[in-house]
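Engineer: Could you have a look at this structure, given as structure tokens, before my questions?
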Amino acid sequence: MTTMADPTLAVQAAVVRVLRSAATAAGSSIFCPVPMGAEFPYVSIGQIQVINERFEGLEGALIHLTLHAWSRSESRVEARTLAAQIVAALDGAEGVLTGPDLQLNSCMFENALHLDDPDGKTAHAVLTFQLLTD
């Protein structure tokens with residue numbers, strides 16, 4: 001019995017590459033982890049859950065990816081715009097979310113949650129995506 005290779009690093013690298021080239025409000029500020037003193041707006045890579053989908057001789061994984069969009073603009077428009085830009089860049093982007101160790105069958109946007117953080121200054125969008133690998 002073979003073991004499934006962990007796709008998390010390949011997924012993270014592909015997501016960072018695609019988002020940095022997507023001309024979002026965050027520019028190249030796509031982090032994991034977020035460095036001390038990072039300037040807003042930025043995107044942070046959150047949780048990545050991998051579920052083994054090996055069956056009938058096929059190898060693959062179902063991946064749940066969480067991204068966080070952060071802003072300290074005076075309105076919530078920047079955070080919501082950044083979230084929409086992330087969705088536009090990644091939803092259906094299985095053709096560009098590739099790498100030497102990553103082949104995706106699908107990348108689908110699942111959910112967005114827009115929050116005001118307790119500090120009273122920060123807007124935060126939590127975005128989840130579902131990816132399916134070969």
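Engineer: Counting only other residues whose beta carbon sits under 12 Å from that of G27, what net charge do I get with K and R as +1, D and E as -1?
Structural biologist: Local net charge: 0.
Engineer: With a 1.4 Å probe and every protein chain left in place, work out the accessible area per residue of the chain in Å², rounded to a whole number.
Structural biologist: In whole numbers, the chain has 55 Å² accessible per residue.
Engineer: Same structure, new question: Against the longest alpha carbon principal axis of the chain, how many degrees, from 0 to 90 and to the nearest 10, is the axis of helix 77-90 turned?
Structural biologist: Around 20 degrees separate the two axes.
Engineer: Mind pulling the angle between the C-alpha long axis of helix 8-20 and the longest principal axis of the chain? Nearest 10 degrees, somewhere in 0 to 90.
Structural biologist: 40
Engineer: Starting from the amide H of A93, placed 1.01 Å from N in the peptide plane, find each other amide H under 5 Å away whose residue is 5 or more places distant or on another chain.
Structural biologist: C107
Engineer: Sticking with this one: Could you check how much of the accessible area of the chain is carbon and sulfur, as a whole percent, using a 1.4 Å probe?
Structural biologist: Heavy-atom surface of the chain belonging to carbon and sulfur, 1.4 Å probe: 55 percent.
Engineer: Report which label in (i) 17.0; (ii) 15.4; (iii) 19.2 holds the value of Kirkwood radius over Cα pairs in Å derived from the coordinates of this structure.
Structural biologist: So the structure-derived entry is (ii).
The values are calculated or read from the model by the stated rules, or taken from the named source; none is laboratory data. Since we're looking at a predicted model, the values are computed, not measured. So basically every Cβ, Gly included, is an ideal-geometry build from the backbone, and we count neighbours across all protein chains shown. For the accessible areas, the whole protein counts, side chains as well, though only heavy atoms, and no ligand, DNA or RNA atoms are used. Shrake-Rupley method; radii C 1.70, N 1.55, O 1.52, S 1.80 Å.
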